[in-house]
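Novice: This is the structure, below, for whatever I ask next.
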Amino acid sequence: MHLSISCLALTKSISIRAKRMPQTGRLLAVVAVTLLAACSTPGPSGAGLSIPINTDIVSTAQDSRVKIVVLHYTAANKQRSLDLLSGPSVSSHYLITDENPPQLYQLVDENRRAWHAGVSEWYGRPHVNDVSIGIEIVNAGGSPGNWASYSPEQIQLLIDLLRDIVERHEIKPENIVGHSDIAPQRKLDPGPRFPWVQLAQAGLGRRPEPTLSAHFQAQFEADGLPDVQWVQERLEQLGYPIEKTGQWDKQSQNVLAAFQMHYRPARYDGQLDAETAGLLKALGYD
């Protein structure tokens, strides 16, 4: 365990391990409760100040800094990933390694901003680093036709971690995203081999209702595809950063490709077809 992990995060980590190791779960549970009690007891000098601070009254006018979780692949091995993410230029809150079983590193406290998103936007909110938790997964990445897969163990650990983060920060399903969703002009990670459906089935992330999307696909096949303006507006309504130019330009193609990579990874060429249009209409349909 790394000393950089916050008291609360350490407690959560122990709780997750307790669930996985029933033979030592009771002992770990006791340790977690003890740590949580320690976390709730303020130090004699408050937040490092030399004057006493009264913490008896807590305002209800507050919420979590964290609104979004961004998933990445590292495109590097474990050691190279740790070197990069602990250096001066880029960071993430968590790193999941590719060992068996994988290890979970916390590199930045959740209360602090990590430098993982870069130039980015989601639902019109720029500077995603300010409101997000970044999770890097050790994975080689790749290129069209040659993408590395994720191990079942990595994904299960990610699901455990996400459940914990979502519960504590009340993250909405549509705000569990990939780097490619928030920066579609620059990024491709976590790539088309990432199992978004598995996450959605675990209650983590947004997914269109299959029967509804198939229904709309059939409609578009029969009646023709929607125009460019409809596609650009729908992508914007779903959170994607896109310029509504009314023209099918390169930036629009990149955004649609990012959408397809997330929701229809079998084909992500950025070209509109009836299946993609059906998914666009089904998502968030009332």
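What follows draws every value from the coordinates through simple rules; no lab data is involved. Predicted model, so just to flag it, every value in this text is computed and none were measured. Neighbour counts run over all protein chains shown; Cβ positions are idealised from the backbone, glycine included.
Novice: With a cap of 15 neighbouring Cβ atoms within 10 Å, and only residues DSSP puts in a loop, list the chymotrypsin sites (Phe, Trp or Tyr not before Pro) found in segment 73-120.
Specialist: Sparse-neighbourhood loop chymotrypsin sites (Phe, Trp or Tyr not before Pro): 115.
Novice: Taking segment 144-242 as the region of interest, what is the percent of Cα-Cα pairs per 10 angstrom bin, listed from the shortest bin to the one with the maximum distance?
Specialist: Per 10 Å bin, starting at 0, the Cα pair percentages come out as 12, 35, 37, 14, 2.
Novice: Which of the peptides 250-258, 187-195 is most tightly packed, and how do the rest follow, judged by the mean count of other Cβ atoms within 10 Å per residue?
Specialist: Going from most to least packed, we get 187-195, 250-258.
Novice: Under a plain spin-label model, where a point goes 7 Å from the Cα along Cα-to-Cβ, how far apart in nm are residue 248 and residue 156?
Specialist: My value for the distance between the label points is 4.4 nm.
Novice: Please list 152-164, 209-221 highest first by mean number of surrounding beta-carbon atoms within 10 Å per residue.
Specialist: With the highest mean Cβ count within 10 Å placed first, the list reads 152-164, 209-221.
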